[in-house]
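Trainee: Starting off with a structure, shown below.
The values are calculated or read from the model by the stated rules, or taken from the named source; none is laboratory data. Keep in mind that this is a model prediction, so the values were computed, not measured. Quick reminder, even Gly has a Cβ in these numbers, built from the backbone with ideal geometry, and neighbours come from all protein chains shown. Accessible surface areas use protein heavy atoms only, side chains included; no ligands, DNA or RNA. Shrake-Rupley method; radii C 1.70, N 1.55, O 1.52, S 1.80 Å.
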Amino acid sequence: QVQLVESGGGLVQPGGSLRLSCAASGNIAIIADMGWYRQAPGKQRELVAGIISGGSTNFADSVKGRFAISRDNAKNTVYLQMNSLKAEDTAVYYCNARIRGRADLRFRDYWGQGTQVTVSA
């Protein structure tokens, strides 16, 4: 079994920073893409940032220049550094990873349980 476990959410004031972490564990052979999505109340889940195994990244326009994504392949962990947070960044943030388990012949998408980020004064 493969699991993604997130941490680092919470309440922060506008202009503040938070760092989210997501660790993949289990019978893992290869991790390809990793990323972060978010879903605000009444809205669809959207991609926030992604990073491929080689390190190339992409970001939603709304977070460019404020958020950074990185990964530690030795720890099977992806991070999301969020700076200059705004009220509109409030959402549940989900980690996603495309992983091939040792018992699998193909890659599968895995999701974390979600972590709440609230930006409010």
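Trainee: Residues in the stretch 18-47 near a label at residue 56, defined as backbone nitrogen under 16 Å from the 7 Å Cα→Cβ point?
Mentor: Backbone N within reach: 32-35.
Trainee: Report the accessible area of residue 90, computed with a 1.4 Å probe over the heavy atoms of all protein chains in place, in Å² rounded to the nearest 10.
Mentor: Using a 1.4 Å probe on the heavy atoms, I get roughly 40 Å².
Trainee: Shifting gears a bit: With the other protein chains left in place, how much accessible area per residue, in square angstrom, belongs to the chain at a 1.4 angstrom probe?
Mentor: Normalised by residue count, the accessible surface of the chain is 54 Å².
Trainee: A further question follows. With the chain treated as a Gaussian network of Cα nodes joined by springs under 10 Å, which of 44, 81, 13 yields the largest mean-square fluctuation?
Mentor: Highest fluctuation among the options: 44.
Trainee: Shifting gears a bit: State the percentage of accessible surface on the stretch 7-90 attributable to carbon and sulfur atoms; use a 1.4 Å probe and exclude ligands, DNA and RNA.
Mentor: Of all accessible area on the stretch 7-90, carbon and sulfur atoms account for 47 percent.
Trainee: Using only the heavy atoms of the protein chains and a 1.4 Å probe, how would 5, 119 rank by accessible area, largest first?
Mentor: 5, 119
Trainee: Continuing with this model, one more query. Using a simple spin-label model with points 7 Å from Cα along the Cα→Cβ vector, what separation in nm is obtained for residue 111 and residue 81?
Mentor: Going by the 7 Å Cα→Cβ label model, 2.9 nm.
Trainee: Hey, another quick one. Excluding ligands and nucleic acids, what accessible area in Å² is computed for residue 86 using a 1.4 Å probe, to the nearest 10?
Mentor: Approximately 80 Å² of residue 86 is accessible to the 1.4 Å probe.
Trainee: In the stretch 1-32, whose amide N lies under 19 Å from the spot 7 Å out along Cα-to-Cβ of residue 104? List them in ranges.
Mentor: Residues 1-6, 22-32 fall inside that zone.
Trainee: Using a Gaussian network for the chain with springs between C-alpha atoms less than 10 Å apart, which of these wobbles most: 78, 12, 48?
Mentor: The residue that fluctuates most here is 12.
Trainee: Provide the solvent-accessible area of residue 11, counting protein heavy atoms only and rolling a 1.4 Å probe, rounded to the nearest 10 Å².
Mentor: 130
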